[in-house]
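The values are calculated or read from the model by the stated rules, or taken from the named source; none is laboratory data. What you see is a predicted model, and the numbers here were worked out from it, not measured in a lab. So basically every Cβ, Gly included, is an ideal-geometry build from the backbone, and we count neighbours across all protein chains shown. SASA here: full protein model, heavy atoms, side chains in, ligands and nucleic acids out. Shrake-Rupley method; radii C 1.70, N 1.55, O 1.52, S 1.80 Å.
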Amino acid sequence: MPTPPRHFKDELQDWLDGRLDIATCEEVERHLQTCDECRREYESVGWIKHIAAQQLGPVTAPAELRANVLRALRAEPPVVPATHEPEATNVVTPAPGFWRRHQRTVLAAAALVIVSAILSGVYFLRPTPLPAVVARDYRNFQSGQISLQLATADVKAMEAFFAAQGVPFATRVFDLGMMNYTLAGGRVLSLRGQPSAAFAYKGTNNQSLLCQMYAGQVTDLPAGAVRRENKGFTFHVYQRQGLTAVFWQEGTVVCVLVSDIAPEEVIQLAFAKAMPPPG
């Protein structure tokens, strides 16, 4: 009998959070291209994480939690009247000394459950790291799961489209013709609940390149970037899931280029196109 295909249900959460090693990431990505079942689950989990991050945000333990737990541990046990009778014959009443002997253990266990629930909320609701988000968007563009709202090679038409769509900053769409990349088009995406202008390019050998611009600060990026300096700009370079993502700041806007081409080529394209905002 043929061996049934392996699914990656358990790995999807780690993949969305950018916690998988590169080899496993690539295996999951290849599987998602052919498995409708896992792709539907990936889309559902990603949607839930996005909505949860928008609506709930991070949860922190109350500052008074430790003091409340210690106060409860020191409290006197409850006094139960001697005349109290259980309402049902199948209710087991602890022996008189049970609470005094075990109150610390019971309260400590309850406190552990509360703290674990709080920490679990922080872990599962924390936003997906930005490099993992843009890597996912690139793969979705590349596979056709995200389509272009406007297919055009006209840079000015692309900029006018983003303005008409209500993107709250002036988008500077790159002309990469001198680097042998042609604009294919773009669309508005949601990045951490904010609109981002995303535009894609194709190279002469069918290479893919995606740029996103969004209102934000590079200080929100996670640790682990390799920093490169050029023309007064600091570039934050991440390599994830076989991709290279290069972030840099232009005024109040963050720009990022991401591709699966040679890492240094992505970096050099970013160097070539970074420029201060006008005025």
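Can you find, within the stretch 150-182, the residue that is nearest to residue 204 (Cα to Cα) among those that are among the charged types (D, E, K, R) and assigned to a loop (DSSP other than H, G, I, E, B)? Break it down into steps so the answer makes sense when it comes.
Keep residues of the stretch 150-182 that are among the charged types (D, E, K, R), which gives 154, 156, 159, 172, 175.
Among the residues that remain, those that are also assigned to a loop (DSSP other than H, G, I, E, B) are: 154, 172, 175.
Values: 154: 17, 172: 23, 175: 15 Å.
Restricting to residues being among the charged types (D, E, K, R) and assigned to a loop (DSSP other than H, G, I, E, B), the top hit is 175.
In the set (1) in contact with a strand residue (DSSP E or B) (Cβ under 8 Å, 6 or more places away or on another chain); (2) within 21 Å of residue 172 (Cα to Cα); (3) open to solvent by 60 Å² or more (accessible area, probe 1.4 Å), residue 267 fails one condition alone, (3). Would you confirm whether any residue within the stretch 191-200 is modelled with pLDDT of 95 or more and open to solvent by 20 Å² or more (accessible area, probe 1.4 Å)? The answer is no; no qualifying residue exists. Can you name the number of the only condition in (1) at pLDDT below 95; (2) out of contact with any Ser or Thr (no Cβ under 9 Å at 6 or more places or on another chain); (3) of a type in the set (Asp, Glu) that residue 137 fails? Residue 137 satisfies all of (1) at pLDDT below 95; (2) out of contact with any Ser or Thr (no Cβ under 9 Å at 6 or more places or on another chain); (3) of a type in the set (Asp, Glu) except (2).
Selection of the stretch 209-253 for residues being part of a strand (DSSP E or B), more than 21 Å from residue 184 (Cα to Cα) and aliphatic (A, V, I, L, M) yields 215, 226, 237, 253. Within the group 247, 233, 169, which residue is surrounded by fewer than 19 Cβ atoms within 10 Å (Cβ to Cβ), closer than 21 Å to residue 275 by Cα and in contact (Cβ under 8 Å) with a residue 60 or more places away in the chain? Answer to the check: 169.
From the list 217, 149, pick out the single residue that is under 25 Å from the mean Cα position of the chain (by Cα) and more than 23 Å from residue 251 (Cβ to Cβ). Outline the logic, then answer.
Values: 217 fails: more than 23 Å from residue 251 (Cβ to Cβ).
Of 217, 149, the one residue that is under 25 Å from the mean Cα position of the chain (by Cα) and more than 23 Å from residue 251 (Cβ to Cβ) is 149.
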